[in-house]
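First the structure, in the form of C-alpha cells, and then the observations on it.
The values are calculated or read from the model by the stated rules, or taken from the named source; none is laboratory data. Just so we're clear, the structure is a prediction, and the values are computed from it rather than from any experiment. Virtual Cβ from ideal backbone geometry, glycine too; neighbours counted across all protein chains shown. Surface areas here come from the heavy atoms of the whole protein model, side chains and all, with no ligands, DNA or RNA. Shrake-Rupley method; radii C 1.70, N 1.55, O 1.52, S 1.80 Å.
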Amino acid sequence: MRLFPRSAFARTVALIALLLLINQVVSYIMVGLYVVKPSMQQISSAVAKQVQGIVVLDQWLTDAEMTSTEKRLLAERYLAAVEIEGYTESQALTNGLADASTYNFLSNQMSQQLASSTEVRISQDDIYYVWIKTESLPGYWLRLRLDTFDEARFSPLMFYLILIGALSVLGGMWFSNWLNRPLKALQAAARQIGRGDYPEQLPERGSTEVIAVTRAFNQMAQGVQQLEQDRALLMAGVSHDLRTPLTRIRLATEMMPASEDYLAEGIIGDIDDMNAIIDQFIDYVRVDTLSDNDCENINYLVEDVVGHVPESWQTHIDVQYGDVPKIPIRAISIKRVLLNLLENAERYGGDKTLVETGYDSSRERVWVTVSDNGEGIPAGQVEHVLQPFTQGDKARATKGSGLGLAIVKRIIERHGGRITFGRSQRLGGLAIRIELPSQKTTAAAS
C-alpha cells in the first residue's frame, strides 16, 4: 500500500491540501484562543457576578429581621430583575436539567470566580439556558437564559473556512492539471514512438522547463523518425541490389545442363533461402502506421494463415477457435506474426501444433496461443531468442536469420500487446501466447 502519491499531479494536490489543512488548523486554534475563549470568559465573568449577587442576597436575607414571606418576595423580585430562576433538584430535572451538558471549562472558570466548587451545564435547545450549581447555594440550581451565547454565530466562520478550503483545493487541482497537461502529452507521444508511430510536433507551452523538455523531445522524435526512414531506405536499397544478382544466378543455374541438376537444385535452394532472409529483413524494418488499422476478427486471420501453409510441412495443425470480438489491428502484420509462429513450430517443434484463440473480458484482451510438442525453450533463453539475429541453442545449426520471433515481438508491441512464453499443458512443448488489446486507443504494453 502506497502512503504517498507518485504522480506529479497527485503530489501537488496533496501538498496543497496538506498546507491548507495546517492553515485551517492554525486558524481554528487562533480563533478559539483569541475569539471564542475571551468571549466565554466574559460570559462566565458576567454570570459569576450575578450569581455572587444572589449569594450575597441570600446571606443578607438569612441575617435580616424579616418575615419569611417578605424574604421570599424580595428574593423573587431580585431574581426576576436579573432574569435568573431558582429551582430545587427535582424541579430542575423537570425543567430540562437532564438534557443539559456539562462544560468543564466554564465550570472551572466559575469555580475560580466564586471561590467555591461550581458545576455549569448548558442546554442547547431553541433557547440556550445556563444551569449553575454552587456550594454557596446548596440544594439549588440557578437557570440563566443567555441570548448572547448563540453557537450559530460561529457557523459563518466554519462556512468560510470550508469554502476557502474547497476553493483552494479546486484551484490547486486546476493549476496542477494545467502544469501537467504538457507532460501528459509528452507521455502519450513517447508511447506512440515506442509503437513505431510518429505524432505531430507537440506544441511548446507551459513553464519554461516544460517548454525546454518539449522542444528537446520534438527534436529527438524528428531525429528518430529520420533515422527510421534512412534505415528503411537503406534496407530497401540493399535488398533490391541483392535480388538483382540473385536473379541472374538463378537464371544461369536454370540454364545449366541436365547432368548437373543436383548442383542446380542446391544453388536454387540457397537462392530461395537468401530471398526469404531478405524478406525477413524487410519485414523487420517495415514501419506500419495507425492508419493501416482495421477492425478484424482474429479467428478469420488464423483460418486464412492455417489454410495456406505449405503442403510440405510435416507438422499437423489443430485449431480451436474461441468467441472473440473484432479488434483494431493491421491484418497483414498479424498474419505475418501467425505465420512466423507456425514456422517456428514447424522448424523446432514436433509433429503436432495447436492454435487456440480466446478473449479475456476482464482485461479486454484477445489472445492467441501456438503450442507444439517439441522440446521448448529454456526459461533463461527467452529474452535471448527475442533479440534480432539470435536463435536458440537447438537451432544454431539450422537455417534462418534469427529474425522470426524478433519480428513477432516488434509487431505485437506496436499493436500495444505483449508476447509470453510457457509450457503447453496439452502438448508438453513450447506455448507462445500473444495478447492484443480490444480497445482502439492502445497503450504501450505493460
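Based on Cβ point charges of +1 for Lys and Arg and -1 for Asp and Glu, what charge dipole magnitude is obtained for region 192-233 about its Cα centre, in debye rounded to the nearest 20?
Here the size comes out at about 40 debye.
Modelling each spin label as a point 7 Å along the Cα-to-Cβ direction, I'd like the Tyr300/Thr420 distance in nm, to one decimal.
Taking the simple label geometry, Tyr300 and Thr420 are separated by 2.9 nm.
Taking amide H positions as placed in the peptide plane 1.01 Å from N, state which residues far from Arg330 in sequence (5 or more) or on other chains have amide H under 5 Å from it.
Asp294
If you stretched the chain out fully between Ser362 and Asp261, how much longer would it get, using 0.36 nm times the residue separation minus the C-alpha to C-alpha distance?
30.4 nm
How would you rank 97-104, 48-55, highest first, on the average number of other Cβ atoms within 10 Å across their residues?
On the way: 97-104: 13.4, 48-55: 17.4.
Taking the mean over residues of other Cβ atoms within 10 Å, the ranking is 48-55, 97-104.
Around Tyr140, which amide H atoms from residues at least 5 apart in sequence, or from another chain, sit under 5 Å from its own amide H, with H modelled in the peptide plane?
Residues meeting the amide H criterion: none.
I'd like the accessible area for Arg248, computed on protein heavy atoms only with a 1.4 Å probe and all protein chains in place. Round to 10 Å², please.
Result for Arg248: roughly 150 Å² accessible.
Tally up the carbon and sulfur contribution to the accessible surface of region 198-356 as a whole percent, 1.4 Å probe, everything protein left in place.
Numbers: 5390 of 9670 Å².
Summing carbon and sulfur atoms, their accessible area is 56 percent of the total for region 198-356.
Take peptides 309-319, 426-436, 352-362 and line them up by average Cβ neighbours within 10 Å, highest first, as a rough protection proxy. It would help to have the intermediate numbers written out before the result.
On the way: 309-319: 11.6, 426-436: 20.0, 352-362: 16.8.
Going by the mean number of other Cβ atoms within 10 Å, highest first, we get 426-436, 352-362, 309-319.
For region 338-349, just list the computed ³J(HN,Hα) in residue order, Karplus coefficients 6.51, -1.76 and 1.60, θ = phi - 60°, integers in Hz, with x standing in for Gly and Pro.
Once θ is set to phi - 60°, the couplings for region 338-349 become 4, 5, 5, 5, 5, 4, 5, 5, 5, 7, 10, x Hz.
Among 128-137, 257-266, how do they line up by average Cβ neighbours within 10 Å per residue, starting with the highest?
The most tightly packed comes first, giving 128-137, 257-266.
Spelling out what I want: for every residue of region 209-214, take phi, set θ = phi - 60°, compute 6.51 cos²θ - 1.76 cosθ + 1.60 (Karplus), and round to whole Hz; glycine and proline get x.
In residue order, the calculated couplings are 5, 5, 4, 5, 5, 5 Hz.
Report the charge-dipole magnitude of region 161-245 in Debye, nearest 20, computed about the Cα centre from +1 at each Lys and Arg Cβ and -1 at each Asp and Glu Cβ.
That gives a dipole near 220 debye.
Which value, in Å² rounded to 10, gives the accessible area of Phe175 with a 1.4 Å probe and all protein chains present?
90
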